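The values are calculated or read from the model by the stated rules, or taken from the named source; none is laboratory data. What you are looking at is a predicted structure, and each value in this text was computed from that prediction instead of being measured. Reconstructed Cβ throughout: ideal geometry from the backbone, glycine too, with neighbour counts over all protein chains shown. We work out accessible area using only protein heavy atoms, side chains counted, and drop any ligands, DNA or RNA first. Shrake-Rupley method; radii C 1.70, N 1.55, O 1.52, S 1.80 Å.
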Amino acid sequence: ERQARIENDIDRAGIGRRVMDFSPPGPDYFPPGEAGTSWQALAPLLEFPHKADENYPVYMPRSPYAVSKFSAEAYCRTYYLTYNYPIVITRGFNTFGPRQKAGSKGSVIPSFLTRVLNDKPPVIYGDGEQTRDYTYVGDIAEGISRCLTSERVIGETVHLCSGIDRKVGDVAQLI
């Protein structure tokens, strides 16, 4: 186990160094020592569509955050396939609910509410036509609970969402 951890650390460090070798010069490109920005360094070499959709290949994450999610899911699947360890991957979509902090990533609804309660208009980035599937935190919790108690979803990926796209501008208007 210790040897495997050491090899993993060497692997990660080696990949990070190789990506840095190909990165453009200049201190503003990305912070030094952040191997997680490797996709930023490679992005100019790859052809990405302007916007990802349901057909976008999951094996080509578009950001360091997406890489971390992809990697975590790959580890889970590997344990399932290798050791028959019972896993289920759940993906929540734009979760909202009580005690969600305004201003944090993905906190559109509490950010809008906070501004309106302070007599300020909601801030919309873009034209407001972009859509999101907003899901109440209680529904996410129920979905996770059901996944944990169901044999049918072992080894599967389950999307926890409302299934309804809503325009950001419409949500702001509603609030």
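Annotations for the structure displayed:
- Counted residues, segment 88-118 - those being open to solvent by 50 Å² or more (accessible area, probe 1.4 Å), touching a residue at least 24 places away in the same chain (Cβ under 8 Å), within 16 Å of Ile140 (Cβ to Cβ) and out of contact with any strand residue (DSSP E or B) (no Cβ under 6 Å at 6 or more places or on another chain): 3
- Members of segment 119-169 found to be acidic (Asp, Glu) and touching a Ser or Thr at 6+ places or on another chain (Cβ under 7 Å), listed by number: Asp133, Asp165
- Residues of segment 121-133 satisfying the condition of being at negative phi and loosely packed, with under 10 Cβ neighbours inside 10 Å: Pro121, Tyr125, Asp127
- Number of positions in segment 149-160 that are touching a strand residue (DSSP E or B) at 6+ places or on another chain (Cβ under 7 Å) and open to solvent by less than 60 Å² (accessible area, probe 1.4 Å): 3
- Number of positions in segment 60-74 that are open to solvent by 90 Å² or more (accessible area, probe 1.4 Å) and at pLDDT 90 or above: 0
- Condition broken by Tyr136, with the remaining ones in (1) under 15 Å from Phe93 (Cβ atoms); (2) open to solvent by less than 70 Å² (accessible area, probe 1.4 Å) satisfied: (2)
- Listed by first and then second residue, the pairs linking a residue in segment 152-175 that is farther than 12 Å from Asn94 by Cβ and in contact (Cβ under 8 Å) with a residue 12 or more places away in the chain to a residue that is assigned to a helix (DSSP H, G or I) and open to solvent by 60 Å² or more (accessible area, probe 1.4 Å), with Cβ atoms under 7 Å apart and 6 or more places separating them unless they lie on different chains, are Gly155/Tyr80; Ile175/Leu113.
- Every test in (1) β-branched (Val, Ile, Thr); (2) crowded, with 16+ Cβ neighbours inside 10 Å; (3) in a helix (DSSP H, G or I) is passed by Thr82 save one, and that test is (2).
- Filter pass, Arg152 being farther than 19 Å from Glu73 by Cα and not β-branched (Val, Ile, Thr): no
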